[in-house]
1. With runs of 4+ DSSP H residues as the only contributors, calculate the mean residue ellipticity of the chain at 222 nm using -39,500 (n - 2.57) per run, divided by the residue total and rounded to the nearest 500.
2. Where does the charge balance sit around Trp161 when Lys and Arg score +1, Asp and Glu -1, over other residues with C-beta under 14 Å from its C-beta?
3. Taking θ = phi - 60°, what integer Hz values does the Karplus form 6.51 cos²θ - 1.76 cosθ + 1.60 yield along segment 81-89, in sequence order, with x for Gly and Pro?
4. For the chain, give the magnitude of the charge dipole about the Cα centre (Cβ charges: +1 Lys/Arg, -1 Asp/Glu; no others), in debye to the nearest 20.
5. Scan around Gly79 for amide H atoms under 5 Å from its own, H built in the peptide plane at 1.01 Å from N, and keep only partners 5 or more places away or cross-chain.
6. Run through segment 126-199 and list the trypsin sites (Lys or Arg not before Pro) located in a DSSP loop whose Cβ has at most 12 other Cβ atoms within 10 Å.
7. Share of the chain's accessible area from carbon and sulfur, percent, 1.4 Å?
8. Can you list the HN-Hα couplings for segment 173-184, worked out from phi with the Karplus curve (6.51, -1.76, 1.60; θ = phi - 60°), rounded to whole Hz and with x for Gly and Pro?
Amino acid sequence: MSCFLLVRFSSIGDVLLTTPLVRALRVRHPDARLVFVTKQAMAPLVSANPHLSEIVALEPGEPVRALARRLAALHPTRGLDLHGSLRSAALRFLVPCSWRGYAKRRVVRGLLVSTKINAYGRSVPVAERYFEAARGLSVRPDGGPPEFFLDAAAGERANRWLGEHGLTGRPLAVLAPGAAHFTKRWPPERWVALAQRLRADGYAAAVVGGEDDRRAAQPLAPYAEIATGDLSLQETGALLARAHILVSGDTGVMHMATGVGTPVVALFGPTVEQFGFFPYSSRSAVLQRSLDCRPCSTMGGPRCPMGHHRCLDDIAPDEVAALVARLVA
């Protein structure tokens, strides 16, 4: 029996964008053993995926050699490096099997950031770039979105949370104001204005994110229920599955929503479509500004290099609310 290792250690969006490849591999190789290798913290993103045979989680502090020993014991026939990191490179050296990776386009990405010269050619989403690691396995993208499968317990917890916070009986809008880097964050006053507008339009609102997003969520407390840091990845996915819309920046929550079939309004500032992380194959709308200074970085940064942050500051709450109305209709 064939055994394929699919290695993607992090982060939320990157892991979920591997799932179209996982789905295609299962269809084309129904009897293969598909083993997903990721960090323990990311495992809930794929733990309920029925296309996978097994999850192997890198434990916190676990040496890569120890992980390699566990993987070698599975006698894999093929390794798909979907990360392209030093750790995944070490696995390619330590775990005997035929390995392939995908091109991360670092040179053309850096060229676009530093000179604004677009050498990408056709813009290929990351979810489709991952298929490069499966060359020779007769798989291709099927046009479907990422998949985030949820277990029953997560759904029950999400239902309880909604009931405890009085968010049933009205259409639910979920907001994700947090981001790892400042330049990816829409200003707090814009989020507040949007929450006020959504409430006036009859929506119940909830704010999601991790522990690090609590500060970004606090200004919204008078207008929305705050779930940042209170729900697990699976529970957040279940809450998103019950929402009518998500409004988010360029973050992992955006891909969680597409993975459960919830429409998304995404706000993109320092990053651009060529990088490959727009909402993939889903009901979505992207708001962005055409500025000569974009893109200014590959992942966002602590401050706007130009000092004005117009890429996000210029997006008005009324524009966002109009797209919400269009997608929910």
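1. -9500 deg cm²/dmol, from helical runs alone.
2. -2
3. Along segment 81-89, the couplings run 7, 9, 10, x, 10, 4, 5, 5, 5 Hz.
4. 1100
5. HN-HN under 5 Å from Gly79: Leu5, Ser98, Trp99, Arg100.
6. Taking segment 126-199 and a limit of 12 other Cβ atoms within 10 Å, the loop trypsin sites (Lys or Arg not before Pro) found are Arg135.
7. On the chain, the fraction of accessible area on carbon and sulfur atoms equals 52 percent.
8. In residue order, the calculated couplings are 10, 9, 10, 10, x, x, 6, 5, 10, 3, 5, 8 Hz.
The values are calculated or read from the model by the stated rules, or taken from the named source; none is laboratory data. Just so it is clear, the structure is predicted and the values come from calculations on it, not from any experiment. Because the Cβ atoms are built from the backbone with ideal geometry, glycine has one as well, and the counts that use them run over all protein chains shown. Just the protein is used for accessible areas: all its heavy atoms, side chains included, with ligands, DNA and RNA removed. Shrake-Rupley method; radii C 1.70, N 1.55, O 1.52, S 1.80 Å.
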